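Below: the structure, in structure tokens.
The values are calculated or read from the model by the stated rules, or taken from the named source; none is laboratory data. What you see is a predicted model, and the numbers here were worked out from it, not measured in a lab. Cβ placement follows ideal geometry from the backbone for every residue including glycine, while neighbour counts extend to all protein chains displayed.
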């Protein structure tokens with residue numbers, strides 16, 4: 001007898017080996033119809049999987065996260081099936097699941113067009129409607145290579161040839177299409193109902209620019225029509241909020257081909273930048289940080305000592321002078337250790353907190369660049385705390401409290417906490433890693449924060465807390481970090497004199513709150529749809545006249561508000577007032593002051609707030625008090 005234990009701990013017995021599909025059918029017709037796969041002893045499998053021994057089984061449906069993964073994986077194969085039906089000469093390569101969807105790369109003699117994309121999606125719908133069974137078979141590696149070569153699929157043959165010779169490979173067939181895949185898949189194409197092809201892109205074969213440029217088709221797939229529509233609506237909203245689009249419309253910045261991956265900040269954009277930087281500078285001052293500044297170019301021997309040269313050499317910009325090799329710094333931490341080492345430090349000096357708005361450069365691949373979100377040159381609100389082992393917990397707890405305050409001021413209230421633990425490729429002793437990981441987890445517990453564990457995702461020199469923001473669209477942005485590092489002070493010979501008079505190694509805490517200022521400003525632009533809160537807005541007030549008769553009074557208003565530290569724009573153009581109001585509204589200015597003869601005579605202003613809100617006529621003092629309150633409250 002085969003015993004199958006279900007998630008509710010109930011046990012079903014079968015006289016012979018049984019498939020996942022058969023177990024589902026024994027429970028009920030509804031479950032049999034809904035089953036997409038199974039989880040046998042923790043492993044995701046097809047519904048055709050045969051259990052030949054006692055097993056624990058969970059039936060996977062579209063309601064389960066794993067069910068959505070099966071749907072997307074199978075939709076990628078359905079995409080390749082449709083492409084082969086419409087373009088028989090196309091060669092298929094790889095088609096993985098990605099966040100919110102899937103893609104598949106193809107080699108074809110001409111570029112696919114948007115019209116092709118529509119035809120492919122239509123064909124996918126027709127193939128899904130045929131409800132063809134998806135079946136699996138296993139072949140020896142060499143036999144599988146010969147099979148794909150015989151049908152002209154040379155990319156597949158190359159992939160399989162890279163698999164060890166003694167291994168078998170699995171193939172999945174639906175109708176006339178067969179593909180290499182580990183699986184699992186949904187039982188039939190009819191399970192795929194809610195999908196959409198999204199866009200075309202280029203991708204080098206195996207990610208190597210020396211290889212052929214393939215054509216990548218992106219798609220999304222969901223468990224229900226409502227889920228699909230919700231996602232498409234979210235994409236539409238994200239497109240409206242795209243920081244690249246808003247950056248151009250609001251005249252904040254631009255990216256130029258003369259400096260790929262680097263940002264040209266325009267006056268309004270630099271005003272936003274300064275708002276963020278000066279806010280963070282005040283955070284430094286109020287929380288015991290000493291601001292420092294390190295050089296941009298440092299000899300490669302320092303990067304060799306820290307281990308960065310071995311780990312990140314391909315992402316570092318290098319230069320040479322007088323037969324010495326240098327690198328543009330990709331991070332600030334080694335420089336802060338060199339500053340720490342100047343002069344003798346005592347235990348009384350600890351914790352010693354350094355902060356720097358450090359400009360860094362990393363040679364990111366051109367395909368990964370994205371507006372100001374991912375660039376080659378960026379500035380971090382970088383900080384490093386040198387402390388004793390006994391001080392780690394308090395410093396981490398205090399830092400989390402500080403970070404929460406900063407994020408709230410910028411309009412973010414939903415923070416996800418994650419502890420990334422030791423990776424396989426790391427430096428330092430396991431004993432030190434144990435202490436570091438324990439300290440980070442205890443600090444979050446002491447802060448009352450629930451957190452997840454991300455096994456193996458720590459930096460090569462130490463574990464870290466990742467602080468991730470959740471924005472208005474539910475998207476996640478990992479910005480802040482806190483890393484505990486026992487190794488780098490050791491490698492660069494940093495010391496302090498302890499209470500016992502002996503030399504000791506400090507512990508180094510690497511921390512950033514907003515991270516890259518460029519990226520954080522991009523996130524802010526998208527979070528607020530370009531309508532930045534009054535305290536950050538590049539122009540806080542626009543003053544508009546109706547006729548020339550109010551020009552002098554408008555100038556007085558501007559001067560008065562500027563003397564109060566406000567960023568004010570004066571518009572005395574000979575245009576209709578409705579036109580000027582609309583134009584300044586489109587620039588998302590928080591307040592527009594309209595001045596006509598009545599306002600001038602009364603020594604007042606007509607106030608319009610962002611969002612087409614008419615606040616009526618008020619004295620200039622009353623308006624100044626209102627906007628001052630907005631700014632003080634970070635409203």
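Kindly indicate whether residue 600 is surrounded by 14 or more Cβ atoms within 10 Å (Cβ to Cβ) and either at pLDDT 95 or above or closer than 15 Å to residue 560 by Cα (or both).
Yes.
Looking at 55, 26, 10, 48, can you tell me which residue is free of Cβ contacts under 8 Å to residues at least 12 places away in the same chain and either out of contact with any helix residue (DSSP H, G or I) (no Cβ under 6 Å at 6 or more places or on another chain) or within 22 Å of residue 173 (Cα to Cα) (or both)? Walk me through how you get there before you give the answer.
Working: 55 fails: free of Cβ contacts under 8 Å to residues at least 12 places away in the same chain; 26 fails: free of Cβ contacts under 8 Å to residues at least 12 places away in the same chain; 48 fails: free of Cβ contacts under 8 Å to residues at least 12 places away in the same chain.
Only one candidate passes the filter, namely 10.
Report whether or not residue 80 is within 28 Å of residue 130 (Cβ to Cβ) and in contact with a strand residue (DSSP E or B) (Cβ under 8 Å, 6 or more places away or on another chain).
For residue 80, the condition - within 28 Å of residue 130 (Cβ to Cβ) and in contact with a strand residue (DSSP E or B) (Cβ under 8 Å, 6 or more places away or on another chain) - is met.
Please verify whether the range 90-108 includes one or more residues that are surrounded by fewer than 19 Cβ atoms within 10 Å (Cβ to Cβ) and on the phi > 0 side of the Ramachandran plot.
Checked against the condition, which is being surrounded by fewer than 19 Cβ atoms within 10 Å (Cβ to Cβ) and on the phi > 0 side of the Ramachandran plot, the range 90-108 yields at least one hit.
Confirm whether residue 214 is under 15 Å from residue 76 (Cα atoms) and either crowded, with 20+ Cβ neighbours inside 10 Å or under 25 Å from the mean Cα position of the chain (by Cα) (or both).
no
Considering only residues that are surrounded by 18 or more Cβ atoms within 10 Å (Cβ to Cβ) and not in a strand (DSSP E or B), which ones fall in the range 41-60?
Matches in the range 41-60: 46, 47, 48, 49.
Where in the range 395-513 are the strands (runs of 3 or more DSSP E), entirely inside, with at least 1 residues that are under 27 Å from residue 359 (Cα atoms) and in contact with a helix residue (DSSP H, G or I) (Cβ under 7 Å, 6 or more places away or on another chain)?
Numbers: elements: 415-420, 451-454, 464-470, 476-485.
By residue number, 415-420, 464-470, 476-485.
Can you give me the number of residues within the range 618-635 that are touching a strand residue (DSSP E or B) at 6+ places or on another chain (Cβ under 7 Å), more than 15 Å from residue 542 (Cβ to Cβ) and either touching a residue at least 24 places away in the same chain (Cβ under 8 Å) or crowded, with 16+ Cβ neighbours inside 10 Å (or both)?
Looking only at that region, the number is 1.
Here are 569, 587: which of them is closer than 20 Å to residue 252 by Cβ and touching a residue at least 60 places away in the same chain (Cβ under 8 Å)?
587
How about the range 298-350: which of its residues are in contact with a strand residue (DSSP E or B) (Cβ under 8 Å, 6 or more places away or on another chain), in a helix (DSSP H, G or I) and in contact (Cβ under 8 Å) with a residue 40 or more places away in the chain?
333, 334, 335, 336, 337, 339, 340, 347, 349
Here is a yes/no grid of residues against (1) within 17 Å of residue 522 (Cβ to Cβ); (2) touching a strand residue (DSSP E or B) at 6+ places or on another chain (Cβ under 8 Å); (3) at pLDDT below 95:
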residue: 188; (1), (2), (3): no, yes, no
residue: 220; (1), (2), (3): no, yes, no
residue: 237; (1), (2), (3): yes, no, yes
residue: 248; (1), (2), (3): yes, yes, no
residue: 252; (1), (2), (3): yes, yes, no
residue: 268; (1), (2), (3): yes, no, no
residue: 274; (1), (2), (3): yes, no, no
residue: 292; (1), (2), (3): no, yes, no
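Applying the selection to the range 237-268, what residues are in contact with a helix residue (DSSP H, G or I) (Cβ under 9 Å, 6 or more places away or on another chain) and more than 30 Å from residue 105 (Cβ to Cβ)?
246, 247, 249, 250, 251, 252, 253, 254, 263, 265, 266
Counting just the residues of the range 514-532 that are assigned to a loop (DSSP other than H, G, I, E, B) and touching a helix residue (DSSP H, G or I) at 6+ places or on another chain (Cβ under 8 Å), which one comes out nearest to residue 339 (Cα to Cα)?
532
If you take the residues in the range 578-607 that are assigned to a helix (DSSP H, G or I) and over 42 Å from the mean Cα position of the chain (by Cα), which one is nearest to residue 241 (Cα to Cα)? Walk me through how you get there before you give the answer.
Narrowing the range 578-607 to residues assigned to a helix (DSSP H, G or I): 578-586, 597-602.
Imposing the further condition that a residue be over 42 Å from the mean Cα position of the chain (by Cα) reduces the set to 597-602.
Values: 597: 38, 598: 38, 599: 36, 600: 38, 601: 41, 602: 40 Å.
Ranking the candidates gives 599 first.
Residues of the range 221-236 being surrounded by 13 or more Cβ atoms within 10 Å (Cβ to Cβ) and either touching a helix residue (DSSP H, G or I) at 6+ places or on another chain (Cβ under 9 Å) or touching a residue at least 40 places away in the same chain (Cβ under 8 Å) (or both), which ones?
Passing the criteria: 221, 222, 223, 227, 231, 234.
Which of the residues spanning the range 351-370 are farther than 30 Å from residue 496 by Cβ and touching a strand residue (DSSP E or B) at 6+ places or on another chain (Cβ under 7 Å)?
Correct list: 361, 364, 368.
Mind listing just one residue for me: the one in the range 68-108 that is in a helix (DSSP H, G or I) and free of Cβ contacts under 8 Å to residues at least 40 places away in the same chain and, of those, nearest to residue 35 (Cα to Cα)? Break it down stepwise before answering.
Step one: list which residues in the range 68-108 are in a helix (DSSP H, G or I), which gives 68-86.
Next cut, free of Cβ contacts under 8 Å to residues at least 40 places away in the same chain only: 69, 86.
On the way: 69: 13, 86: 30 Å.
The extreme case among them is 69.
Wholly within the range 155-219, which strands (runs of 3 or more DSSP E) include no fewer than the required count, namely at least 1 residues that are touching a helix residue (DSSP H, G or I) at 6+ places or on another chain (Cβ under 9 Å), over 25 Å from residue 113 (Cβ atoms) and in contact (Cβ under 8 Å) with a residue 60 or more places away in the chain?
Output list reads 168-174.
Looking at (1) over 35 Å from the mean Cα position of the chain (by Cα); (2) in a helix (DSSP H, G or I), which one does residue 573 not meet, given that it meets all the others?
The one condition residue 573 does not meet is (2).
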